[in-house]
1. Name the single residue that is farthest from A:THR338 (Cα to Cα) among those in region A:241-254 being more than 8 Å from chain B (Cβ to nearest Cβ) and either small (Gly, Ala, Ser) or outside any loop (DSSP other than H, G, I, E, B) (or both).
2. Scanning region B:146-199 for residues that are surrounded by fewer than 21 Cβ atoms within 10 Å (Cβ to Cβ) and among the small types (Gly, Ala, Ser), which turns out nearest to B:LYS33 (Cα to Cα)?
3. Which of the residues spanning region A:96-116 are in a helix (DSSP H, G or I), more than 11 Å from chain B (Cβ to nearest Cβ) and charged (D, E, K, R)?
4. Do we have any residue at all in region A:86-103 that's in the same structural domain as A:VAL192 (by TED's automatic domain parsing), at pLDDT below 90 and β-branched (Val, Ile, Thr)?
5. Check off (1) open to solvent by less than 20 Å² (accessible area, probe 1.4 Å); (2) over 25 Å from B:ASN96 (Cα atoms); (3) at pLDDT 90 or above; (4) outside any loop (DSSP other than H, G, I, E, B) for B:MET266 and give me the number that stays unchecked.
6. With respect to B:GLY101, is the statement that it is surrounded by fewer than 22 Cβ atoms within 10 Å (Cβ to Cβ) and on the phi > 0 side of the Ramachandran plot true?
7. Enumerate the pairs (first residue in region A:319-345 and more than 10 Å from chain B (Cβ to nearest Cβ) and touching a residue at least 24 places away in the same chain (Cβ under 8 Å); second residue anywhere and among the aliphatic types (A, V, I, L, M) and not in a strand (DSSP E or B)) with beta-carbon separation below 6 Å, excluding pairs fewer than 6 apart on the same chain, so at least 6 apart or on different chains.
8. Quick one: count up the residues across region A:372-407 that are out of contact with any Asp or Glu (no Cβ under 8 Å at 6 or more places or on another chain), of a type outside the set (Asp, Glu) and within 14 Å of chain B (Cβ to nearest Cβ).
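The values are calculated or read from the model by the stated rules, or taken from the named source; none is laboratory data. What you are looking at is a predicted structure, and each value in this text was computed from that prediction instead of being measured. With ideal geometry, Cβ positions are generated from the backbone for all residues, glycine too; neighbour counts draw on all protein chains shown. The accessibility values were calculated without ligands, DNA or RNA, using every heavy atom of the protein model including side chains. Shrake-Rupley method; radii C 1.70, N 1.55, O 1.52, S 1.80 Å.
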Amino acid sequence: MPGTETSLLRFSTAGSVDDGKSTLIGRLLYDSKGVYEDQLASVAKASANSSGGVIDLALLTDGLRAEREQGITIDVAYRYFSTPRRKFIIADTPGHEQYTRNMATGASTADLAIILIDARNGILPQSRRHAFIANLLGTRHLVVAVNKMDLVDFDQSVFETIRSEFSAFLKKAGAPEALFIPISARDGDNVVSLSSKSSWYTGPSLLDYLETVPAGAESEYLPARFPVQYVLRPDLDFRGYAGQMASGVLRQGESVIALPSRRRSTISRIVTFDGDLAEVRAPQSVTLCLSDEIDISRGDMIVPERQLPHVTRRFRAHVVWMSSKPLEAGQTMLVKHTSHQVRALVRKIEHRLDIVQLDKQQTGRLDLNEIGEITLDAHRPLFFDEYSKNRWTGGFILIDPLTNETAGAGMIIAAEGREETRGPVTAAERVSRFGHRGAVVCVEDMDAAVFLERELFNLGCNVAVAGRLPSNAATVLYSAGMLAIAVGPVMPNAIDARGLAVAEVLELLEIRGVLTGSRPRLIEGDGI
Amino acid sequence: MTHLDILEAESIHILREVAAEFANPVMLYSIGKDSSVMVRLAQKAFYPGTLPFPLLHIDTTYKFPEMIQFRDEFAASIGAKLIVHTNTTAIAEGANPFRLGTQKCCALLKTRALLDALAAGGYDAAFGGARRDEEKSRAKERVYSFRDELGQWDPKNQRPELWNVYNARVDKGQHIRVFPLSNWTELDIWQYIERENIPIVPLYYAKPRPMVVRGNALVSLDHNAPLLPGEKPEMVMCRMRSLGCSHCTGAIRSEADTIGKIIEEMKLVRRSERENRVIDHDQEGSMELKKREGYF
């Protein structure tokens, strides 16, 4: 059981009645004491009705009457257990094709997926389906548990054959490398501790790996995104924007932009019930106050000035279709994305994905449990990142406006069409477009200036020689986001490049934060 | 961030989503430990403002008297609006747990009363403090649990719920039950109560109480519960692990008279929290059946 200083790992499993998924979860719950005696007793009572004798650990997890009666898992169930190191949330999902939507649901919040393969049967279409969906939904870590090793006498060659064949599939699907573990969920081999029956296996036990794999921390290192959920105005003196950091870090005093208005301001306070904070990081829930009275409402997004998301009406996305009513071009759906909801027209069904054969098929529609690529035209612009970069600002649901059902899950692939521009062009937009900040660079004479201009221009920089023009010309170019090359005495705040070779100038520009990397176009946030 | 920080942030997100997207939400307040945590999370979600929705207590009139006293003092102390609803018609007609049996009593004084109160208030969203680890049908419940015009739950036809994006669309007469504590376990609740110093009903702390020992159960004498032949009350050192109506909530033998000792006890305990809730066990899958009919 955890202390109060433990971390949290969310993982998903998928499988059907035969591959031992429920038994594996029952084993993890049972061995970590995540199940109580009276629950075991009620399972024993239910086991007596069906199999008799041995307690069926699978019955611990199948919660609905229909599931217990039919011996199948229908819906996503969430299970909890903890060890002294970690609290775990399991999204336990069915594995059959008709439950693809439940698999996607379970994978959407998971840091890790356990893919179960029955050692006797080898790789089945549903093993591939689960791995594909886990990867499509952005699960970072994959574990392939080759189960029922006891029934093949822990034969290493059986394990290695499955490993090489499935690794090839994962590679082709663009999935991350997986950890393969030979287990017996029924007997507990390599589940909690390593088994003497598989001395040839040198990796960690399943639980060891679950306890040590990095959990959820990567969203902190992404650009900051703060979708506004709720405007708090308890009295005339306080106006705050309540929300949960979707990714990244924001600090008090930081310059920010509110989308869609593109108004700039500064974070004046980060308010919580337990006192103000100096910084907030994902996934904390806080209330931001800004130093300017600008119009912000639910559905807006507060982002750092220099790391803007995409802002477009048209975008391409993968969709897992979840409704029995097919999706076709020309339909209007509601897109719910972060705290923002907008109507959108389905412009085109690009293709359907066969996730077992990994190929694209032409189609005019997507049926229940099918996965495809579509283009949507939203009535108002969305602020987003590609799902592959940021799951919290790249994922959305599609709601049928007539039936209100959640009809699909979308993962944005790319912005399409022109990015939205409205209001004055900001410095951040210029940075996004040019790939570098504005600067004044001083060189010794006109020849050097012209030479440097050509070099920088060839690299893709937005550059001009201000020559011997009055100093304010250089300043004007600089504030327009350009690299202005001036000749003669060094002006205040200018970069002194006199007597330097081109490579040295580039290095200096990097050090001063004008360029990142040896080429421009490397500053984060390629939107606008 | 620790697991409690992450759970807290997730729950606050849910509370704010509901307040922003529904016209008329209400928070079911059952006076128990989970409700206490849920109310604290709501205070955090809307700070420095106050709760933007009322608390609703469904009073069967068979609660422990300590609960009612705590309820009134607590609601006043945080400045929350408290609505108390009782199925007075059924009680006037003589409904009580001793006469009707637990299933019928619960259907009238809890489920019916709840549905009536939700309809009377015109609420389109109702927060509940249920957790998925409590019971196996709850493990399948969504954070936003859709209810039809009759307040019923259809477990086979639930809306998929991805990421932290919730579908808040309902038609007139339908509503959503919302469970901000879905991902908390009983131990998380106690650790959070300790960390945040959250007030709870004293019935959770062990002390000698007059009880009737009935089989493995310890039954309270409140509300003049009738004794079976040969039964005599005795003083037992015990506490409540969960709180409900006095007749249907068994106590457990315990020495845990502080939060720290309760947490230690939790780490050793081998029986589930709802074991001594009579209504969960009157038939196989009984919680699922109650939930389908509109129970929380």
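1. Of everything passing the filter in region A:241-254, A:GLY253 is farthest from A:THR338 (Cα to Cα).
2. Looking at residues that are surrounded by fewer than 21 Cβ atoms within 10 Å (Cβ to Cβ) and among the small types (Gly, Ala, Ser), I get B:ALA168.
3. The answer is A:GLU97, and nothing else.
4. Yes, there is a match, as at least one residue in region A:86-103 is in the same structural domain as A:VAL192 (by TED's automatic domain parsing), at pLDDT below 90 and β-branched (Val, Ile, Thr).
5. It fails just one condition, (3).
6. Numbers: surrounded by fewer than 22 Cβ atoms within 10 Å (Cβ to Cβ): yes; on the phi > 0 side of the Ramachandran plot: yes.
Against the criterion (surrounded by fewer than 22 Cβ atoms within 10 Å (Cβ to Cβ) and on the phi > 0 side of the Ramachandran plot), B:GLY101 qualifies.
7. Short answer, once both residue conditions are applied: A:SER324/A:LEU368.
8. Residues in region A:372-407 being out of contact with any Asp or Glu (no Cβ under 8 Å at 6 or more places or on another chain), of a type outside the set (Asp, Glu) and within 14 Å of chain B (Cβ to nearest Cβ): 13 in total.
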